[in-house]
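Chemist: Structure incoming, see below.
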Amino acid sequence: MNTQSGLSEPTYKAAHLVSETIAAHFISHLKEAREEGEPDLAPEPSPEVIEAIIDVGFWTSLRKEEGHSPRISMAYLPPEKAAEPLVFGERLPLKPKTLTKLAPGIERAGIHLGIWHDENGFYAWGTTRKLPAFCFVLEMVEPGLLVVKHRRFHGYGKFVNVAILKGDEIKIVDEQTGVMPDCPALLSSLLGFNLNNSWHNSVNVLIQLATSMKAHGRGGTLLVVPAGDESWRDSIIHPITYPVVPPFCQLTDLMKQDESWRENKSWQAELNRQVESVAGLTAIDGATIISDQYEVLAFGAKIQRSEKSTNVEEVMFTEPVLDTEVMVVHPTKIGGTRHLSASQFVFDQRRAIALVASQDGRFTVFGWSPCDGMVHAHRIDTLLL
């Protein structure tokens, strides 16, 4: 039993193994933020706090209420640190039974269950939608699958993942991946770099598209090509099954609007609708093609090797997780037909990138690496949870 937390459930061993490493992450980022003068910062979670919250989160995730597994996002902060909180009349003990009963009412996206502690142990005090910077968050994704994350520096965009725990498997996100000389901007942003960029800038629109592609669960390929450059057509079988003429520009037009509109909830809702619309096309067999200005050019497109090129024989494969090795393999070693065709497309069209979602939840970004002179496949599904 974890006596410091007052919990009676058996201890989840992985929580103890990972707590020091996660604590070091938050200590480092909070220190840096304080030095930069950030006023709105979350409390620093100690290893004991991290272990206790992960422990109760794991055992809660294995329970069911009326046939449904709990999917709760727990945030470590006192109510006075939350903006516009919903505060319970009484503190609720942080126990799996309590959390399971609460789960149906607090599972909606963006709602966090506030967790704090006193001399009597940990308790849930209420809910909030707004968190301070670098607030420790534990999300129960599915039974036995937990993600430790935090709000990014300026509060916009998808939260930054720190660690993923699934049963006895632990994955710690390797932040150093983001400082590679030719790391794609999409990956750097997911790792928490480019923190001054707001959630609606060009990089984070791709993150939203990737998240939506992963969510529909059917698998798919999104090719992003330079606007105004028609060379991508050399790598596509003609006639294209579903060309879009003229290009569909709703997402493009939204992104061109004055930034003053972008704090407006109706603008954000429309952006979400357009992202869902474009990402939905990737569920159709074949690749969806958009420009880097988000013009939809085609969908259901079949990739072929350009007549000006040769077959791609090897790609570099990495995952932004500590203690994983860089591999150079044939594209078929990291996936099926989608991965092979995406590798070939980027090999031929080196200014393009390809986003590939697998039905099993894997997600890979393909880009050309000038430093290594080959296609680099970045597996990023751990960052999209």
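The values are calculated or read from the model by the stated rules, or taken from the named source; none is laboratory data. Model, not experiment: these values are computed from the prediction. Neighbour counts run over all protein chains shown; Cβ positions are idealised from the backbone, glycine included. Surface accessibility is based on the protein's heavy atoms, side chains included, excluding ligands, DNA and RNA. Shrake-Rupley method; radii C 1.70, N 1.55, O 1.52, S 1.80 Å.
Chemist: Cβ-Cβ under 8 Å, sequence separation 6+ or interchain: first residue in the range 251-271 and closer than 20 Å to Val296 by Cα and without any contact (Cβ under 8 Å) to a residue 24 or more places away in the chain, partner open to solvent by 40 Å² or more (accessible area, probe 1.4 Å) and not in a helix (DSSP H, G or I). Which pairs?
Modeler: Pairs found: Trp267/Gln257.
Chemist: Here is a follow-up. Within the range 263-283, track down each residue that is small (Gly, Ala, Ser), in contact with a helix residue (DSSP H, G or I) (Cβ under 8 Å, 6 or more places away or on another chain) and surrounded by fewer than 22 Cβ atoms within 10 Å (Cβ to Cβ).
Modeler: Of everything in the range 263-283, those that are small (Gly, Ala, Ser), in contact with a helix residue (DSSP H, G or I) (Cβ under 8 Å, 6 or more places away or on another chain) and surrounded by fewer than 22 Cβ atoms within 10 Å (Cβ to Cβ) turn out to be Ser277, Gly280, Ala283.
Chemist: Okay, moving on. Confirm whether Asp258 is of a type outside the set (A, V, I, L, M, F, W, C), surrounded by 16 or more Cβ atoms within 10 Å (Cβ to Cβ) and at negative phi.
Modeler: Answer is no for this residue.
Chemist: Being over 18 Å from the mean Cα position of the chain (by Cα) and either of a type in the set (Asp, Glu) or not in a loop (DSSP other than H, G, I, E, B) (or both) is the filter; apply it to the range 367-383 and report the residue that is surrounded by the fewest Cβ atoms within 10 Å (Cβ to Cβ).
Modeler: My answer is Asp372.
Chemist: Name the single residue that is surrounded by the fewest Cβ atoms within 10 Å (Cβ to Cβ) among those in the range 101-129 being within 16 Å of Trp59 (Cβ to Cβ) and of a type in the set (A, V, I, L, M).
Modeler: For the range 101-129, the residue satisfying everything is Leu102.
Chemist: Quick one: in the range 24-43, of everything that is open to solvent by 70 Å² or more (accessible area, probe 1.4 Å) and assigned to a helix (DSSP H, G or I), which residue is nearest to Tyr76 (Cα to Cα)?
Modeler: Ile27
Chemist: Scan the range 212-241 for residues that are open to solvent by less than 50 Å² (accessible area, probe 1.4 Å) and not in a strand (DSSP E or B) and jot them down.
Modeler: Keep residues of the range 212-241 that are open to solvent by less than 50 Å² (accessible area, probe 1.4 Å), which gives 212-213, 217, 219-227, 229, 231-232, 235-236, 240.
Answer for the range 212-241, where residues must be open to solvent by less than 50 Å² (accessible area, probe 1.4 Å) and not in a strand (DSSP E or B): Ser212, Met213, Gly217, Gly219, Pro226, Ala227, Asp229, Ser231, Trp232, Ser235, Ile240.
Quick grid of which residues meet (1) in contact with a helix residue (DSSP H, G or I) (Cβ under 6 Å, 6 or more places away or on another chain); (2) buried (at least 22 other Cβ atoms within 10 Å of the Cβ); (3) at pLDDT 75 or above; (4) closer than 21 Å to Leu254 by Cα:
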position: Gly157; (1), (2), (3), (4): yes, yes, no, yes
position: Leu165; (1), (2), (3), (4): yes, yes, yes, no
position: Lys171; (1), (2), (3), (4): yes, no, yes, no
position: Asp174; (1), (2), (3), (4): no, no, yes, no
position: Gly178; (1), (2), (3), (4): yes, no, no, no
position: Asn194; (1), (2), (3), (4): yes, no, no, no
position: His200; (1), (2), (3), (4): yes, no, no, yes
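Chemist: Check whether at least one residue in the range 85-93 is without any contact (Cβ under 8 Å) to a residue 24 or more places away in the chain and either open to solvent by 50 Å² or more (accessible area, probe 1.4 Å) or in a loop (DSSP other than H, G, I, E, B) (or both), and report yes or no.
Modeler: Keep residues of the range 85-93 that are without any contact (Cβ under 8 Å) to a residue 24 or more places away in the chain, which gives 89-90.
From what is left, the residues that are either open to solvent by 50 Å² or more (accessible area, probe 1.4 Å) or in a loop (DSSP other than H, G, I, E, B) (or both) are 89-90.
Scanning the range 85-93 turns up at least one residue that is without any contact (Cβ under 8 Å) to a residue 24 or more places away in the chain and either open to solvent by 50 Å² or more (accessible area, probe 1.4 Å) or in a loop (DSSP other than H, G, I, E, B) (or both).
Chemist: Would you point out which residue out of Thr21, Thr98 is surrounded by fewer than 17 Cβ atoms within 10 Å (Cβ to Cβ) and more than 25 Å from Phe134 (Cβ to Cβ)?
Modeler: Only one candidate passes the filter, namely Thr98.
Table: residues versus (1) open to solvent by less than 30 Å² (accessible area, probe 1.4 Å); (2) under 27 Å from Phe159 (Cβ atoms).
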| residue | (1), (2) |
| --- | --- |
| Asp285 | no, no |
| Val312 | yes, no |
| Leu322 | no, yes |
| Gly336 | no, no |
| Val365 | yes, yes |
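Chemist: Let me ask another. Check Leu340 against each of (1) over 24 Å from the mean Cα position of the chain (by Cα); (2) open to solvent by 50 Å² or more (accessible area, probe 1.4 Å); (3) at pLDDT 95 or above and name the one condition it does not meet.
Modeler: All conditions are met except number (1).
Chemist: Of all residues in the range 333-366, which are among the hydrophobic types (A, V, I, L, M, F, W, C), in a helix (DSSP H, G or I) and touching a residue at least 60 places away in the same chain (Cβ under 8 Å)?
Modeler: Scanning the range 333-366 gives Ala342, Phe345.
Chemist: For the range 359-380, which residues satisfy the criterion of being in contact with a helix residue (DSSP H, G or I) (Cβ under 7 Å, 6 or more places away or on another chain) and closer than 30 Å to Gly110 by Cβ?
Modeler: Gly361, Arg362, Phe363, Thr364, Val365, His378, Ile380 - these are the residues of the range 359-380 that are in contact with a helix residue (DSSP H, G or I) (Cβ under 7 Å, 6 or more places away or on another chain) and closer than 30 Å to Gly110 by Cβ.
Chemist: Let me ask something else. Would you confirm whether any residue within the range 50-65 is under 21 Å from the mean Cα position of the chain (by Cα) and modelled with pLDDT under 95?
Modeler: no
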